[in-house]
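I have placed the structure first, in the form of structure tokens, so that the comments after it can refer back to it.
The values are calculated or read from the model by the stated rules, or taken from the named source; none is laboratory data. All values derive from a computational prediction rather than experimental measurement. Cβ coordinates were reconstructed from backbone atoms using ideal geometry, including for glycine residues, and neighbour counts include every protein chain displayed.
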Amino acid sequence: MMRLLAGIDVGTTHVKVGLFDERGSCVAAVGRATPRDLPGLVAAVTDALGECAGRAGRGPEAIGIAGMAETGVPLDASGRPLTPLLWWNDPRGADEAAGLGRDAPALYALTGRWADAKAPLAKWLWLRAHSPEVLASMRWWASVPDAVAYALTGSLRTHATLAARTLAYDVARGDYDGDLLALAGLSADRLPPTAGAVEPVGPLTAPVRGVRPGVPVVIAGHDHAVGAWAAGVRRPGDVADSLGTAEAVMAPAAGRPDPRTGLALGMTADPSLDGARTVLVGALPTSGALLDWLLGLLAPGDTADTARPDVPASGVPRPDGPAPGACRRDASASGAVGPDGSGPGAVGHDLEAALPPRRRPGGYAALPGLLAGVRLPTGIVVEPYLRGRVAPAPDRDRRLALSGLDAGHEPGDLLAAAIEGTCLHARWILDELTALAGAAPGRLAVFGGQVRIPLWMRVKAAVSPVPVEVVLADDTVCAGAALIAGQAGGSLDDVPVLPREHLPPDPALRAAYLPQYERFLARGRA
């Protein structure tokens, strides 16, 4: 009997839990809206694990955890959370990051990134200034994958791809930097030690219905990195495009970039999942969030996974249900968060007031009808920046802008144009990223929620300068975490690559997008 492996992906909007076989085929999957607090998150994960085991008729033999990196929680000496989750897109800490007082190129050379509110270091500095009692009581800081693993095993560890996003980690040395931690009055012993992506954090000790105690629990790493590894993007020349609330284009590189160049382009230099090389990353923080926001304006209503178009990873609708081998995902809307990461519940003490107001995204059930009949290209050029531009031309004040919109356009055209804008921006990132990596791209592996939107994939294939391969997985990050856990104690090189499907471009559409890309670049560089 083939082994079953569990994958957990803690995302900004949803927690996804699945059981997979050793090839990455989904056996059972459950989705839950991501809770705002750690007890709710742990309950969501353990309930989903138990439900998956019940559906499969048996439990997994290993559990892998991936998730967003910067979101985390301070824990006291007993392991209890001192606040609800502190989110990566929470703007608090912006002033502290701006006033860090560190030379930007030197900081980039050390950490592979720049100072911004997203970084846990900025949150710690904010806590020190505004809620010093929280920081004084903090025995440990845990990112959400670390905190979930701790709840399951009683052992606190992290992975280098998560630690590197604290803005207090020396990526070359592979350890926390004491001087940066000291800015917040912290020391390295208050952060979890790192473990390898196939090194078990410990055996399962928490009671989980249908799951045998003692199975190994592994922190697979940061969600984008885990998905890219499972998609086979492991060496220079491969490129991954991870689609979700935020979008990340990732290219393994032979070496680290010049700090000034990396800063000028807004590209981070992260450790690879195996620690053998650098992975350059260019991000669009409001990729899926832009579509959610527009749907909230044009088609108001509740959104849950069950309302999303029921299409397989290839992007071709199936009237009879999911793609073969895909799982029907149970989804719960309780505790939902909006596309900006906001939602109900306090952030801790009086911190909720600092969050932007919650906006409920519109109904995805309306999306196929709105996009039906839209002619591509739309002729509308959209700069897809709801909250500034990160890469490849950083501009924190850049905002959403449109040109070419006229009275003949309808709501579906506006939605399609937003998709075009994200695809054109991702192409711009890819061009600059691969030039910085010094390796000509051979293929682009695409995964994430948007692969289920046929028009999105049609545009993606048309604007890409290299062949596009769509990863055929119900959830690439979740499956990747499971496959990595399946190699617990072994080698990352033995992790199977998930199957992919080539997405052939439409030659006429590709030609039609060339002038639109030039218009997009001209506006973006202005």
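What to note about this one:
Matching residues to (1) surrounded by fewer than 16 Cβ atoms within 10 Å (Cβ to Cβ); (2) closer than 15 Å to SER287 by Cβ:
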position	(1), (2)
VAL382	no, yes
ARG399	yes, no
HIS409	no, no
ILE419	no, yes
THR422	no, yes
TRP428	no, yes
ALA437	no, no
GLY448	no, yes
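- The residues on offer are ASP170, ASP223, ASP241, and the sole one that is under 30 Å from ARG128 (Cα atoms), among the acidic types (Asp, Glu) and either surrounded by 22 or more Cβ atoms within 10 Å (Cβ to Cβ) or at pLDDT below 95 (or both) is ASP223.
- Evaluating ARG36 against the criteria (1) over 27 Å from GLU247 (Cβ atoms); (2) in contact with a Pro (Cβ under 8 Å, 6 or more places away or on another chain); (3) among the basic types (Lys, Arg) leaves one unmet condition, (1).
- Residues that are touching a Phe, Trp or Tyr at 6+ places or on another chain (Cβ under 8 Å), at pLDDT 65 or above and not in a loop (DSSP other than H, G, I, E, B), drawn from segment 285-316: LEU295
- Residue in segment 468-478 that is in contact with an Asp or Glu (Cβ under 8 Å, 6 or more places away or on another chain), at pLDDT below 95, closer than 30 Å to ILE65 by Cβ and not polar (S, T, N, Q) present: yes
- Positions within segment 55-76 being within 20 Å of ALA163 (Cα to Cα) and either in a loop (DSSP other than H, G, I, E, B) or under 23 Å from the mean Cα position of the chain (by Cα) (or both), in sequence order: GLY64, ILE65, ALA66, GLY67, MET68, ALA69, GLU70, THR71, GLY72, VAL73, PRO74, ASP76
- ALA418 of a type in the set (Gly, Ala, Ser), part of a loop (DSSP other than H, G, I, E, B) and either at pLDDT 95 or above or in contact with a Ser or Thr (Cβ under 7 Å, 6 or more places away or on another chain) (or both): no
- Any hit, segment 137-158, residues being in contact (Cβ under 8 Å) with a residue 40 or more places away in the chain, at positive phi and in contact with a strand residue (DSSP E or B) (Cβ under 8 Å, 6 or more places away or on another chain): yes
- When ALA197 is tested against (1) touching a residue at least 12 places away in the same chain (Cβ under 8 Å); (2) surrounded by fewer than 24 Cβ atoms within 10 Å (Cβ to Cβ); (3) farther than 23 Å from TYR108 by Cα, only condition (2) is not met.
- Among residues of segment 178-192, those that are outside any helix (DSSP H, G or I), more than 25 Å from the chain's Cα centre (by Cα) and surrounded by 13 or more Cβ atoms within 10 Å (Cβ to Cβ), counted: 4
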